[in-house]
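Okay, so here's the structure we're looking at.
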Amino acid sequence: MKDRYDVIVVGAGPAGSMTAKTAANAGLDVLLIEKRQQIGDPVRCAEGVNKKYLKEYIQPDPAWISAEVKGSKIYAPDGAMVEMSEEIAGAEVGYVLERKVFDRALARDAALAGAEVMVKTRATGLLMEDGFVKGIKAEHMDEKYNIRADIVVGADGVESKVGRWAGIDTTLKPKDICTCAQYLMTDIEIDTDFCEFYVGHKIAPLGYIWVFPKGNNMANVGIGITGNMSGEVRAKDLLDDFVQKRYPGGKVIEFIVGGVPVCGTIERTVADGLMLVGDAARQSDPVTGGGIFNSIWAGDIAGKVAVNAIKHSDVSALFLQEYETKWRAGLGRDLDMSLVVKERFMRLTDDELNTLGHSLEGIDLGSVTLIGLLWALFKANKKLLWDLRSIFKGIKEIEMEASVEVNS
Ligand SMILES: Cc1cc2nc3c(=O)[nH]c(=O)nc-3n(C[C@H](O)[C@H](O)[C@H](O)COP(=O)(O)OP(=O)(O)OC[C@H]3O[C@@H](n4cnc5c(N)ncnc54)[C@H](O)[C@@H]3O)c2cc1C
(Lines give C-alpha, C1' and ligand atoms only; values in the text may rest on other atoms or scores of the structure.)
Protein backbone atom coordinates (compact mmCIF):
# COMPACT_ATOMS: atom_id res chain seq x y z
CA MET A 1 0.00 0.00 0.00
CA LYS A 2 1.33 3.40 -0.99
CA ASP A 3 0.58 6.68 0.75
CA ARG A 4 -0.96 8.33 -2.32
CA TYR A 5 -3.35 7.34 -5.16
CA ASP A 6 -5.43 9.08 -7.80
CA VAL A 7 -8.58 7.39 -6.48
CA ILE A 8 -9.40 5.47 -3.31
CA VAL A 9 -12.57 3.37 -3.37
CA VAL A 10 -14.00 2.37 0.01
CA GLY A 11 -15.88 -0.95 -0.12
CA ALA A 12 -15.42 -3.86 -2.53
CA GLY A 13 -19.06 -4.67 -3.26
CA PRO A 14 -20.39 -4.45 -6.85
CA ALA A 15 -20.37 -0.62 -6.77
CA GLY A 16 -16.81 -0.28 -5.51
CA SER A 17 -15.26 -2.97 -7.69
CA MET A 18 -16.90 -1.59 -10.82
CA THR A 19 -15.76 1.97 -10.04
CA ALA A 20 -12.22 0.73 -9.38
CA LYS A 21 -12.15 -1.38 -12.54
CA THR A 22 -13.35 1.44 -14.81
CA ALA A 23 -10.94 4.00 -13.32
CA ALA A 24 -7.96 1.59 -13.38
CA ASN A 25 -8.72 0.49 -16.94
CA ALA A 26 -8.25 4.10 -18.03
CA GLY A 27 -4.84 4.22 -16.37
CA LEU A 28 -5.62 5.82 -12.99
CA ASP A 29 -3.74 4.74 -9.88
CA VAL A 30 -6.54 3.17 -7.81
CA LEU A 31 -6.75 1.65 -4.33
CA LEU A 32 -9.83 -0.49 -3.52
CA ILE A 33 -10.21 -1.27 0.19
CA GLU A 34 -12.53 -3.77 1.88
CA LYS A 35 -12.98 -4.06 5.64
CA ARG A 36 -13.81 -7.77 5.53
CA GLN A 37 -11.15 -10.41 5.08
CA GLN A 38 -13.05 -12.07 2.23
CA ILE A 39 -14.76 -10.12 -0.53
CA GLY A 40 -18.42 -11.10 -0.98
CA ASP A 41 -18.68 -13.04 2.26
CA PRO A 42 -20.95 -13.08 4.25
CA VAL A 43 -23.58 -12.66 1.53
CA ARG A 44 -26.44 -10.33 2.37
CA CYS A 45 -28.52 -10.74 -0.76
CA ALA A 46 -31.20 -12.81 -2.52
CA GLU A 47 -28.80 -12.72 -5.49
CA GLY A 48 -31.29 -12.01 -8.28
CA VAL A 49 -30.20 -9.85 -11.21
CA ASN A 50 -31.37 -9.16 -14.76
CA LYS A 51 -29.23 -11.06 -17.30
CA LYS A 52 -29.53 -8.65 -20.17
CA TYR A 53 -28.50 -5.62 -18.15
CA LEU A 54 -25.66 -7.44 -16.42
CA LYS A 55 -24.18 -8.79 -19.64
CA GLU A 56 -23.47 -5.24 -20.76
CA TYR A 57 -20.90 -4.96 -17.97
CA ILE A 58 -19.53 -8.41 -17.27
CA GLN A 59 -19.08 -11.59 -19.31
CA PRO A 60 -21.34 -14.31 -17.80
CA ASP A 61 -19.39 -17.06 -16.04
CA PRO A 62 -21.01 -20.35 -14.91
CA ALA A 63 -18.87 -20.10 -11.76
CA TRP A 64 -21.07 -17.32 -10.40
CA ILE A 65 -24.45 -18.29 -11.92
CA SER A 66 -26.46 -20.54 -9.59
CA ALA A 67 -29.60 -20.56 -11.70
CA GLU A 68 -31.28 -18.94 -14.69
CA VAL A 69 -34.98 -18.12 -14.58
CA LYS A 70 -37.57 -17.19 -17.23
CA GLY A 71 -39.42 -14.62 -15.18
CA SER A 72 -41.25 -14.05 -11.93
CA LYS A 73 -44.50 -15.16 -10.34
CA ILE A 74 -46.17 -12.80 -7.94
CA TYR A 75 -48.70 -14.28 -5.53
CA ALA A 76 -51.54 -12.26 -3.98
CA PRO A 77 -52.62 -13.23 -0.43
CA ASP A 78 -55.40 -15.54 -1.70
CA GLY A 79 -53.05 -17.29 -4.13
CA ALA A 80 -53.98 -15.39 -7.32
CA MET A 81 -50.83 -15.44 -9.40
CA VAL A 82 -49.45 -12.95 -11.91
CA GLU A 83 -46.66 -14.18 -14.17
CA MET A 84 -44.13 -11.77 -15.66
CA SER A 85 -41.54 -12.58 -18.28
CA GLU A 86 -37.91 -11.86 -17.53
CA GLU A 87 -37.92 -8.84 -19.87
CA ILE A 88 -40.38 -6.91 -17.76
CA ALA A 89 -39.83 -8.49 -14.36
CA GLY A 90 -37.21 -5.88 -13.39
CA ALA A 91 -33.53 -5.62 -12.55
CA GLU A 92 -33.60 -8.51 -10.06
CA VAL A 93 -34.87 -11.33 -12.28
CA GLY A 94 -32.83 -13.40 -14.77
CA TYR A 95 -29.82 -14.91 -13.05
CA VAL A 96 -29.65 -16.03 -9.46
CA LEU A 97 -26.02 -15.42 -8.61
CA GLU A 98 -23.51 -16.99 -6.28
CA ARG A 99 -22.45 -13.64 -4.87
CA LYS A 100 -19.53 -15.00 -2.90
CA VAL A 101 -17.98 -15.84 -6.27
CA PHE A 102 -19.50 -12.95 -8.23
CA ASP A 103 -18.26 -10.17 -5.92
CA ARG A 104 -14.79 -11.73 -5.90
CA ALA A 105 -14.83 -11.93 -9.71
CA LEU A 106 -15.66 -8.21 -9.93
CA ALA A 107 -12.82 -7.38 -7.52
CA ARG A 108 -10.47 -9.63 -9.50
CA ASP A 109 -11.41 -7.72 -12.67
CA ALA A 110 -10.55 -4.47 -10.87
CA ALA A 111 -7.20 -5.94 -9.80
CA LEU A 112 -6.50 -7.19 -13.33
CA ALA A 113 -7.26 -3.71 -14.64
CA GLY A 114 -4.48 -2.43 -12.36
CA ALA A 115 -6.24 -1.46 -9.10
CA GLU A 116 -4.56 -2.37 -5.82
CA VAL A 117 -7.00 -4.34 -3.67
CA MET A 118 -6.55 -4.39 0.12
CA VAL A 119 -8.79 -6.59 2.30
CA LYS A 120 -9.03 -6.32 6.09
CA THR A 121 -8.66 -2.58 5.56
CA ARG A 122 -11.28 -0.30 7.05
CA ALA A 123 -11.79 3.39 6.35
CA THR A 124 -12.22 5.15 9.69
CA GLY A 125 -12.45 8.76 8.51
CA LEU A 126 -11.59 11.24 5.79
CA LEU A 127 -8.59 13.52 5.39
CA MET A 128 -10.00 17.01 4.83
CA GLU A 129 -8.23 20.20 3.66
CA ASP A 130 -10.02 23.50 2.93
CA GLY A 131 -13.33 21.67 2.67
CA PHE A 132 -11.96 19.18 0.12
CA VAL A 133 -11.71 15.44 0.73
CA LYS A 134 -8.02 14.63 0.31
CA GLY A 135 -7.88 10.96 1.26
CA ILE A 136 -8.83 8.54 4.03
CA LYS A 137 -7.82 7.43 7.47
CA ALA A 138 -7.64 3.64 7.50
CA GLU A 139 -6.84 0.68 9.72
CA HIS A 140 -5.21 -2.50 8.50
CA MET A 141 -4.16 -5.31 10.86
CA ASP A 142 -4.19 -2.98 13.91
CA GLU A 143 -2.03 -0.37 12.15
CA LYS A 144 -3.37 3.10 11.38
CA TYR A 145 -2.69 4.82 8.05
CA ASN A 146 -3.37 8.16 6.38
CA ILE A 147 -3.67 7.60 2.62
CA ARG A 148 -4.01 10.54 0.27
CA ALA A 149 -6.01 10.65 -2.98
CA ASP A 150 -7.43 13.20 -5.39
CA ILE A 151 -10.83 11.49 -5.26
CA VAL A 152 -12.42 9.23 -2.65
CA VAL A 153 -15.38 7.08 -3.71
CA GLY A 154 -17.70 5.91 -0.94
CA ALA A 155 -19.02 2.48 -1.98
CA ASP A 156 -19.46 1.31 1.59
CA GLY A 157 -22.99 -0.03 1.27
CA VAL A 158 -26.15 0.45 3.29
CA GLU A 159 -24.27 1.27 6.51
CA SER A 160 -22.20 3.92 4.68
CA LYS A 161 -20.30 6.41 6.79
CA VAL A 162 -18.18 7.97 4.05
CA GLY A 163 -20.98 10.26 2.85
CA ARG A 164 -21.74 11.46 6.37
CA TRP A 165 -18.05 12.15 7.04
CA ALA A 166 -18.11 14.44 3.96
CA GLY A 167 -21.21 16.27 5.17
CA ILE A 168 -23.74 14.51 2.90
CA ASP A 169 -27.01 13.58 4.57
CA THR A 170 -27.44 9.83 4.02
CA THR A 171 -29.54 9.27 7.14
CA LEU A 172 -32.13 6.52 6.81
CA LYS A 173 -35.29 6.73 8.89
CA PRO A 174 -36.83 3.36 9.89
CA LYS A 175 -39.36 3.67 7.01
CA ASP A 176 -36.49 4.19 4.57
CA ILE A 177 -34.83 0.87 5.26
CA CYS A 178 -36.03 -2.61 4.45
CA THR A 179 -35.13 -5.12 7.18
CA CYS A 180 -34.44 -8.52 5.65
CA ALA A 181 -34.02 -12.08 6.88
CA GLN A 182 -33.20 -14.96 4.57
CA TYR A 183 -32.63 -18.70 4.70
CA LEU A 184 -30.73 -20.70 2.14
CA MET A 185 -32.91 -23.81 2.07
CA THR A 186 -32.42 -27.23 0.61
CA ASP A 187 -34.57 -30.31 0.10
CA ILE A 188 -37.55 -28.27 -1.05
CA GLU A 189 -39.89 -28.46 -4.05
CA ILE A 190 -39.50 -25.28 -6.06
CA ASP A 191 -40.37 -23.99 -9.48
CA THR A 192 -36.86 -23.71 -10.90
CA ASP A 193 -37.97 -21.52 -13.83
CA PHE A 194 -39.28 -18.59 -11.80
CA CYS A 195 -38.42 -16.23 -8.98
CA GLU A 196 -41.46 -16.11 -6.70
CA PHE A 197 -42.75 -13.15 -4.73
CA TYR A 198 -45.50 -13.29 -2.10
CA VAL A 199 -47.23 -10.08 -1.05
CA GLY A 200 -49.77 -9.33 1.66
CA HIS A 201 -50.11 -7.59 4.98
CA LYS A 202 -50.36 -10.75 7.00
CA ILE A 203 -47.34 -12.51 5.57
CA ALA A 204 -45.07 -9.52 4.97
CA PRO A 205 -46.41 -6.14 6.16
CA LEU A 206 -45.08 -3.31 3.97
CA GLY A 207 -42.83 -5.76 2.17
CA TYR A 208 -42.74 -9.16 0.54
CA ILE A 209 -41.40 -12.68 0.70
CA TRP A 210 -39.18 -14.06 -2.04
CA VAL A 211 -38.16 -17.54 -3.19
CA PHE A 212 -35.24 -17.45 -5.62
CA PRO A 213 -34.10 -20.86 -6.97
CA LYS A 214 -30.40 -21.62 -6.58
CA GLY A 215 -30.25 -25.02 -8.36
CA ASN A 216 -30.00 -28.51 -6.77
CA ASN A 217 -33.30 -28.15 -4.87
CA MET A 218 -31.99 -25.09 -3.10
CA ALA A 219 -33.44 -21.60 -2.86
CA ASN A 220 -32.96 -18.29 -1.12
CA VAL A 221 -36.18 -17.90 0.88
CA GLY A 222 -36.34 -14.48 2.44
CA ILE A 223 -38.46 -11.62 3.66
CA GLY A 224 -38.08 -7.85 3.64
CA ILE A 225 -40.29 -5.53 5.68
CA THR A 226 -39.83 -1.81 6.09
CA GLY A 227 -38.13 -0.77 9.31
CA ASN A 228 -41.18 1.02 10.75
CA MET A 229 -42.98 -2.36 10.83
CA SER A 230 -40.11 -4.26 12.37
CA GLY A 231 -40.85 -2.76 15.81
CA GLU A 232 -44.22 -4.54 15.78
CA VAL A 233 -43.26 -7.83 14.12
CA ARG A 234 -39.94 -9.54 13.57
CA ALA A 235 -38.97 -10.37 9.99
CA LYS A 236 -37.53 -13.71 11.11
CA ASP A 237 -40.77 -14.76 12.86
CA LEU A 238 -42.80 -14.00 9.71
CA LEU A 239 -40.29 -15.90 7.61
CA ASP A 240 -40.51 -18.88 9.97
CA ASP A 241 -44.33 -18.86 9.63
CA PHE A 242 -44.04 -18.90 5.83
CA VAL A 243 -41.39 -21.61 5.76
CA GLN A 244 -43.30 -23.88 8.14
CA LYS A 245 -46.43 -23.67 5.96
CA ARG A 246 -44.78 -23.75 2.55
CA TYR A 247 -41.72 -25.98 3.07
CA PRO A 248 -42.39 -28.04 6.21
CA GLY A 249 -39.75 -30.66 5.35
CA GLY A 250 -37.15 -28.17 4.07
CA LYS A 251 -33.77 -27.77 5.68
CA VAL A 252 -32.07 -24.49 6.44
CA ILE A 253 -28.35 -24.40 5.68
CA GLU A 254 -27.65 -20.67 6.01
CA PHE A 255 -29.31 -17.71 7.72
CA ILE A 256 -28.57 -14.06 7.06
CA VAL A 257 -30.03 -10.71 8.03
CA GLY A 258 -29.40 -7.36 6.36
CA GLY A 259 -30.84 -4.03 5.37
CA VAL A 260 -31.53 -2.31 2.07
CA PRO A 261 -32.15 1.41 1.56
CA VAL A 262 -35.63 1.97 0.07
CA CYS A 263 -35.76 5.75 0.42
CA GLY A 264 -35.47 6.82 -3.22
CA THR A 265 -33.02 9.48 -4.32
CA ILE A 266 -31.12 11.56 -1.79
CA GLU A 267 -30.30 15.24 -2.20
CA ARG A 268 -26.70 14.87 -3.39
CA THR A 269 -24.07 12.20 -3.91
CA VAL A 270 -20.98 14.35 -4.59
CA ALA A 271 -18.82 16.72 -2.56
CA ASP A 272 -15.43 18.32 -3.22
CA GLY A 273 -13.15 15.33 -3.91
CA LEU A 274 -15.84 12.72 -3.23
CA MET A 275 -18.51 10.59 -4.93
CA LEU A 276 -20.94 8.04 -3.44
CA VAL A 277 -22.07 4.95 -5.38
CA GLY A 278 -24.43 2.00 -4.92
CA ASP A 279 -26.23 1.50 -1.62
CA ALA A 280 -24.04 4.24 -0.10
CA ALA A 281 -25.71 6.63 -2.58
CA ARG A 282 -29.12 5.02 -1.87
CA GLN A 283 -29.43 3.88 -5.50
CA SER A 284 -31.33 0.65 -4.75
CA ASP A 285 -34.92 0.26 -5.94
CA PRO A 286 -37.47 1.36 -3.30
CA VAL A 287 -39.99 -1.35 -4.27
CA THR A 288 -37.82 -4.41 -4.77
CA GLY A 289 -34.76 -3.42 -2.74
CA GLY A 290 -32.68 -4.58 -5.73
CA GLY A 291 -29.38 -2.80 -6.01
CA ILE A 292 -26.81 -5.09 -7.66
CA PHE A 293 -27.26 -3.83 -11.19
CA ASN A 294 -27.78 -0.19 -10.21
CA SER A 295 -24.52 -0.33 -8.23
CA ILE A 296 -22.56 -1.71 -11.16
CA TRP A 297 -24.10 0.74 -13.59
CA ALA A 298 -23.47 3.76 -11.34
CA GLY A 299 -19.96 2.49 -10.47
CA ASP A 300 -19.05 2.53 -14.14
CA ILE A 301 -20.24 6.14 -14.47
CA ALA A 302 -18.35 7.17 -11.30
CA GLY A 303 -15.16 5.54 -12.65
CA LYS A 304 -15.46 7.40 -15.96
CA VAL A 305 -16.14 10.73 -14.27
CA ALA A 306 -13.12 10.19 -11.97
CA VAL A 307 -10.96 9.72 -15.08
CA ASN A 308 -12.31 12.91 -16.62
CA ALA A 309 -11.90 14.92 -13.41
CA ILE A 310 -8.27 13.85 -12.92
CA LYS A 311 -7.53 14.58 -16.58
CA HIS A 312 -8.85 18.13 -16.10
CA SER A 313 -7.17 18.50 -12.67
CA ASP A 314 -10.55 19.45 -11.24
CA VAL A 315 -12.08 17.29 -8.53
CA SER A 316 -14.46 19.94 -7.21
CA ALA A 317 -18.08 19.06 -6.50
CA LEU A 318 -18.95 21.25 -9.47
CA PHE A 319 -16.93 19.06 -11.84
CA LEU A 320 -18.04 15.81 -10.18
CA GLN A 321 -21.61 16.97 -10.74
CA GLU A 322 -21.21 15.22 -14.10
CA TYR A 323 -21.59 11.94 -12.19
CA GLU A 324 -24.64 13.20 -10.31
CA THR A 325 -26.28 14.46 -13.51
CA LYS A 326 -25.61 11.25 -15.45
CA TRP A 327 -26.82 8.79 -12.86
CA ARG A 328 -29.91 10.85 -12.10
CA ALA A 329 -30.73 11.10 -15.82
CA GLY A 330 -30.51 7.31 -16.20
CA LEU A 331 -31.94 6.13 -12.90
CA GLY A 332 -33.35 9.04 -10.92
CA ARG A 333 -36.83 8.97 -12.43
CA ASP A 334 -37.10 5.18 -12.07
CA LEU A 335 -36.22 5.45 -8.38
CA ASP A 336 -38.69 8.30 -7.86
CA MET A 337 -41.47 6.40 -9.65
CA SER A 338 -40.64 3.30 -7.72
CA LEU A 339 -40.96 5.24 -4.48
CA VAL A 340 -44.48 6.35 -5.47
CA VAL A 341 -45.38 2.74 -6.28
CA LYS A 342 -43.94 1.58 -2.96
CA GLU A 343 -45.86 4.17 -0.94
CA ARG A 344 -49.12 3.24 -2.67
CA PHE A 345 -48.80 -0.50 -3.26
CA MET A 346 -47.41 -1.32 0.14
CA ARG A 347 -50.50 0.19 1.68
CA LEU A 348 -53.01 -1.85 -0.30
CA THR A 349 -55.15 -4.07 1.88
CA ASP A 350 -55.01 -7.81 1.30
CA ASP A 351 -58.46 -7.59 -0.34
CA GLU A 352 -57.21 -4.92 -2.76
CA LEU A 353 -54.15 -7.01 -3.56
CA ASN A 354 -56.39 -10.00 -4.24
CA THR A 355 -58.61 -7.92 -6.57
CA LEU A 356 -55.55 -6.65 -8.37
CA GLY A 357 -54.08 -10.13 -8.62
CA HIS A 358 -57.28 -11.56 -10.10
CA SER A 359 -57.65 -8.74 -12.62
CA LEU A 360 -54.09 -9.26 -13.89
CA GLU A 361 -54.16 -13.06 -13.58
CA GLY A 362 -55.14 -13.84 -17.15
CA ILE A 363 -53.02 -11.20 -18.84
CA ASP A 364 -49.82 -12.16 -20.61
CA LEU A 365 -47.51 -9.63 -19.00
CA GLY A 366 -44.76 -10.66 -21.38
CA SER A 367 -46.47 -8.78 -24.15
CA VAL A 368 -48.87 -6.46 -22.41
CA THR A 369 -49.13 -2.89 -23.67
CA LEU A 370 -49.40 0.02 -21.31
CA ILE A 371 -53.04 0.44 -22.33
CA GLY A 372 -53.72 -3.24 -21.63
CA LEU A 373 -52.22 -2.94 -18.20
CA LEU A 374 -54.09 0.29 -17.51
CA TRP A 375 -57.33 -1.29 -18.59
CA ALA A 376 -56.82 -4.26 -16.29
CA LEU A 377 -55.96 -2.01 -13.37
CA PHE A 378 -58.88 0.28 -14.17
CA LYS A 379 -61.27 -2.63 -14.08
CA ALA A 380 -59.75 -3.77 -10.80
CA ASN A 381 -59.74 -0.57 -8.89
CA LYS A 382 -60.50 2.91 -10.18
CA LYS A 383 -59.15 4.62 -7.08
CA LEU A 384 -55.85 2.81 -7.45
CA LEU A 385 -55.53 3.97 -11.02
CA TRP A 386 -56.11 7.56 -9.90
CA ASP A 387 -53.49 7.24 -7.15
CA LEU A 388 -50.96 5.88 -9.61
CA ARG A 389 -51.60 8.45 -12.35
CA SER A 390 -48.19 10.08 -11.87
CA ILE A 391 -46.43 6.80 -12.56
CA PHE A 392 -48.34 6.09 -15.72
CA LYS A 393 -47.68 9.61 -16.88
CA GLY A 394 -43.99 8.86 -16.33
CA ILE A 395 -44.16 5.56 -18.22
CA LYS A 396 -45.98 7.23 -21.08
CA GLU A 397 -43.27 9.93 -21.29
CA ILE A 398 -40.53 7.29 -21.31
CA GLU A 399 -42.33 5.33 -24.04
CA MET A 400 -42.76 8.46 -26.12
CA GLU A 401 -39.09 9.41 -25.72
CA ALA A 402 -38.09 5.87 -26.73
CA SER A 403 -40.29 5.94 -29.82
CA VAL A 404 -38.85 9.33 -30.82
CA GLU A 405 -35.31 7.90 -30.49
CA VAL A 406 -36.23 4.82 -32.52
CA ASN A 407 -37.91 6.83 -35.25
CA SER A 408 -35.21 9.48 -35.55
C1 LIG B 1 -31.40 -9.73 2.22
C2 LIG B 1 -31.08 -8.92 1.00
C3 LIG B 1 -31.49 -9.38 -0.23
C4 LIG B 1 -31.16 -8.65 -1.39
N5 LIG B 1 -31.50 -9.17 -2.59
C6 LIG B 1 -31.17 -8.52 -3.73
C7 LIG B 1 -31.45 -9.09 -5.01
O8 LIG B 1 -31.97 -10.20 -5.13
N9 LIG B 1 -31.10 -8.39 -6.11
C10 LIG B 1 -30.49 -7.17 -6.03
O11 LIG B 1 -30.22 -6.57 -7.09
N12 LIG B 1 -30.20 -6.62 -4.83
C13 LIG B 1 -30.50 -7.27 -3.68
N14 LIG B 1 -30.16 -6.74 -2.47
C15 LIG B 1 -29.46 -5.45 -2.44
C16 LIG B 1 -28.00 -5.63 -2.85
O17 LIG B 1 -27.40 -6.62 -2.06
C18 LIG B 1 -27.27 -4.30 -2.70
O19 LIG B 1 -28.02 -3.29 -3.34
C20 LIG B 1 -25.88 -4.36 -3.31
O21 LIG B 1 -25.05 -5.29 -2.66
C22 LIG B 1 -25.24 -2.97 -3.21
O23 LIG B 1 -23.90 -3.03 -3.63
P24 LIG B 1 -22.85 -2.02 -3.02
O25 LIG B 1 -21.55 -2.33 -3.67
O26 LIG B 1 -23.38 -0.65 -3.08
O27 LIG B 1 -22.80 -2.38 -1.47
P28 LIG B 1 -22.35 -3.73 -0.75
O29 LIG B 1 -22.54 -4.90 -1.61
O30 LIG B 1 -23.02 -3.71 0.57
O31 LIG B 1 -20.79 -3.52 -0.54
C32 LIG B 1 -20.29 -2.57 0.37
C33 LIG B 1 -18.94 -3.06 0.86
O34 LIG B 1 -18.30 -2.04 1.61
C35 LIG B 1 -17.64 -2.64 2.70
N36 LIG B 1 -17.42 -1.60 3.71
C37 LIG B 1 -18.36 -0.99 4.48
N38 LIG B 1 -17.79 -0.07 5.27
C39 LIG B 1 -16.46 -0.08 4.99
C40 LIG B 1 -15.34 0.65 5.50
N41 LIG B 1 -15.48 1.59 6.44
N42 LIG B 1 -14.10 0.37 5.01
C43 LIG B 1 -13.94 -0.59 4.04
N44 LIG B 1 -14.96 -1.33 3.54
C45 LIG B 1 -16.22 -1.06 4.01
C46 LIG B 1 -18.59 -3.74 3.13
O47 LIG B 1 -17.93 -4.73 3.91
C48 LIG B 1 -19.07 -4.28 1.78
O49 LIG B 1 -18.27 -5.32 1.30
C50 LIG B 1 -30.46 -7.43 -1.29
C51 LIG B 1 -30.07 -6.95 -0.02
C52 LIG B 1 -30.37 -7.69 1.10
C53 LIG B 1 -29.91 -7.18 2.45
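The values are calculated or read from the model by the stated rules, or taken from the named source; none is laboratory data. Remember, it's a predicted structure, so these values are computed and weren't measured experimentally. Please note: Cβ atoms are built from the backbone with ideal geometry, for glycine as well, and neighbour counts cover all protein chains shown. Ligands, DNA and RNA are excluded from the accessible area calculation, which covers all protein heavy atoms including side chains. Shrake-Rupley method; radii C 1.70, N 1.55, O 1.52, S 1.80 Å.
Summed over the residues of the chain and divided among them, the accessible surface reaches 45 Å² per residue at a probe radius of 1.4 Å. Computed 3J(HN,Hα) for segment 195-206, one whole-Hz value per residue from the Karplus formula 6.51 cos²θ - 1.76 cosθ + 1.60 where θ = phi - 60°, is 7, 10, 10, 10, 10, x, 5, 6, 7, 8, x, 6, glycine and proline marked x. Taking every DSSP helix (H) stretch of at least 4 residues in the chain, weighting each as -39,500 (n - 2.57) and dividing the sum by the residue count yields a mean residue ellipticity at 222 nm of -10500 deg cm²/dmol. To the nearest ten degrees, helix 14-25 and the longest principal axis of the Cα atoms of the chain are 40 degrees apart. Largest first and in whole Å, the equivalent-ellipsoid semi-axes of segment 1-139 read 35, 16, 14, each the square root of five times a Cα gyration tensor eigenvalue.
Order 173-182, 75-84 from most to least packed using the mean count of other Cβ atoms within 10 Å.
173-182, 75-84
The H on the amide N of residue 92, modeled in the peptide plane, is under 5 Å from the matching H of 50, each at least 5 residues off or on a different chain.
Defining a contact as two alpha carbons under 8 Å apart and six or more residues distant in sequence, what relative contact order in percent does segment 218-364 show? Let's see the in-between values first.
On the way: 123 pairs, mean separation 30.4, N = 147.
21 percent.
Taking 0.36 nm per residue of sequence separation and removing the Cα-Cα distance, the residue 311/residue 146 pair yields an extension gain of 57.0 nm. Whole-Hz Karplus values for segment 111-122 come out as 5, 5, 6, x, 6, 8, 10, 10, 8, 6, 10, 10 Hz, taken residue by residue from phi with 6.51 cos²θ - 1.76 cosθ + 1.60 and θ = phi - 60°; glycine and proline positions read x. Taking the longest Cα principal axis of the chain as reference, the axis of helix 389-407 is set at about 70 degrees.
Amide H contacts of residue 117 (H built 1.01 Å from N, in plane; Pro and chain starts excluded): 32 sit under 5 Å, all sequence-distant by 5 or more or on other chains. What shape does segment 127-218 have by the C-alpha gyration tensor, where a ≥ b ≥ c are the square roots of the eigenvalues, rounded means a/c under 1.5, and otherwise prolate means a/b greater than b/c and oblate the rest? Here segment 127-218 falls in the prolate category. Between segment 60-105 and segment 175-245, the C-alpha centres lie 14 angstrom from each other. Of the cross-linked pairs 55/173; 70/175; 73/245; 55/214; 51/137, those separated by over 26 Å at the C-alpha level are 55/173; 70/175; 51/137. Model label sites at residue 129 and residue 233, defined 7 Å from Cα along the beta-carbon direction, differ in position by 5.5 nm. In whole percent, and with a 1.4 Å probe on the protein chains, what portion of the accessible area of the chain is carbon and sulfur? The C+S portion of the solvent-accessible surface of the chain is 53 percent. The spread of Cα positions in the chain, taken along each principal axis and listed from longest to shortest, comes to 61, 53, 40 Å. Measuring r between the beta carbons of residue 78 and residue 108 and using R0 = 56 Å, the FRET efficiency lands at 0.75.
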